[in-house]
Amino acid sequence: MARNAVQFQKGLSMAEFNRLYGSEEQCHAALVRMRWPDGFVCPKCGGRKHSYLAPKRLFQCTACRAQTSARAGTIFHKSRTPLTKWFVAMHLMTGSKNDIAALELARQLGIKWDTAWLIKQKLMEAMRQRNSIYKLAGDIQIDDAYQGGEKPGKRGRGAANKTPFVIAVQTRDGRPIYTQMRPIAAFTKEEIKTYAVRSIEPGSRVLSDGLGCFKGIDEAGLKHVVKVTGGGRPENADFKWVNTGLGNAKSAMTGTLRSCDPQHAARYLAAFEWRYNRRFDLKENLGRLARAAAMIPPQPRKSIIAIQSTAAEQSG
């Protein structure tokens with residue numbers, strides 16, 4: 001039996017990583033290229049002519065005299081963690097199918113758990129924002145799901161302390177291509193319509209079970225195919241890839257993280273989505289994440305930690 005070329009690809013080895021990003025100078029040069037691929041652009045006036053203050057790694061615009069750095073205005077803004085550690089974190093978070101726990105990340109980077117956790121959250125936020133610009137198209141399977149650990153009380157739909165989210169898989173010739181795992185406020189027709197308009201290309205064919213909220217797909221103007229499957233998770237072969245994707249995502253998150261607080265669930269789901277959709281060329285994933293991180297605005301700790309919880313990802 002032939003080996004799956006995607007699963008058995010080499011990816012970016014640690015030896016190759018160290019050759020490319022083994023020093024602070026190499027990481028800084030890579031960040032400059034990723035932030036300004038066509039050359040320096042002043043963030044204040046848009047000017048291109050500049051001088052470079054090498055000792056402080058500052059760029060000074062010739063036109064307005066403003067000074068800036070490659071880190072300023074990105075998620076690396078004001079971080080005291082060396083870029084080498086940021087790049088190792090990006091490599092560890094993008095080079096494997098599963099996630100890496102913040103506690104393990106702290107060990108690998110030689111930093112405090114709190115710092116590792118914040119670095120990881122910021123990078124996952126970069127993944128989340130990058131995911132949001134893409135839409136699924138063509139043949140799509142969709143289902144409802146919940147993210148959250150075991151809690152006393154009601155299970156499944158309507159359970160407390162769980163994050164409702166939509167899982168959708170775009171297929172081609174019966175094989176999965178891309179996925180989305182997007183939290184929503186509740187499984188209502190209005191929420192599904194909003195999701196569909198924002199995340200699915202017009203003209204797509206969307207397959208769902210008979211849950212009433214999926215009528216929102218029709219209201220979004222998409223071709224909607226309904227297969228009534230009865231109660232519980234649809235076992236019909238037509239839903240194979242959403243079931244497989246959901247199982248893989250939950251196994252990856254619960255196996256690595258053990259638990260995560262609901263206010264952070266969107267980023268954990270986004271990280272799985274980001275890795276899955278970029279599984280075809282693992283060697284390029286570090287550069288992809290670094291470019292995304294260089295293009296989004298700073299993410300201060302207070303914006304990451306909406307609700308402080310001492311229980312957040314204690315094993316992750």
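The values are calculated or read from the model by the stated rules, or taken from the named source; none is laboratory data. Just so you know, these numbers come straight off a predicted model, no measurement behind them. Note that each Cβ is placed from the backbone with ideal geometry, even for glycine, and that neighbours are counted across all protein chains shown. Only protein heavy atoms, including side chains, enter the accessible area calculation; ligands, DNA and RNA are left aside. Shrake-Rupley method; radii C 1.70, N 1.55, O 1.52, S 1.80 Å.
Brief remarks on what is shown
- Residue list for segment 108-148, restricted to those being open to solvent by less than 40 Å² (accessible area, probe 1.4 Å) and within 14 Å of the chain's Cα centre (by Cα): ILE119, LYS120, GLN121, LYS122, LEU123, MET124, GLU125, ALA126, MET127, ASN131
- In segment 74-94, residue farthest from LEU257 (Cα to Cα) [restricted to those that are part of a loop (DSSP other than H, G, I, E, B) and open to solvent by less than 40 Å² (accessible area, probe 1.4 Å)]: THR74
- Residue match in segment 250-263 (condition: at pLDDT 90 or above, within 22 Å of MET124 (Cα to Cα) and not charged (D, E, K, R)): no
- Residues that are part of a strand (DSSP E or B) and not hydroxyl-bearing (Ser, Thr, Tyr) were ranked within segment 39-67; the one that is surrounded by the fewest Cβ atoms within 10 Å (Cβ to Cβ) is LEU53.
- Out of TYR146, TYR134, sole residue that is aromatic (Phe, Trp, Tyr), modelled with pLDDT under 95 and closer than 29 Å to LYS189 by Cβ: TYR146
- Whichever residue in segment 188-204 is free of Cβ contacts under 8 Å to residues at least 60 places away in the same chain and more than 21 Å from ARG128 (Cβ to Cβ) and, among such residues, is least open to solvent (accessible area, probe 1.4 Å): THR188
- Selected residue [modelled with pLDDT under 95, more than 30 Å from LYS85 (Cα to Cα) and not in a loop (DSSP other than H, G, I, E, B)] from GLY216, GLY247: GLY247
- Yes/no for LYS227 being modelled with pLDDT of 95 or more and more than 19 Å from ARG130 (Cα to Cα): no
- Here TRP36 meets the list (1) open to solvent by 40 Å² or more (accessible area, probe 1.4 Å); (2) over 25 Å from GLY110 (Cβ atoms) almost entirely, failing just condition (1).
This table checks each residue for (1) within 15 Å of THR171 (Cα to Cα); (2) open to solvent by less than 70 Å² (accessible area, probe 1.4 Å); (3) assigned to a strand (DSSP E or B).
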| residue | (1), (2), (3) |
| --- | --- |
| ALA185 | no, no, no |
| VAL206 | yes, yes, yes |
| GLY230 | no, yes, no |
| ALA266 | no, yes, no |
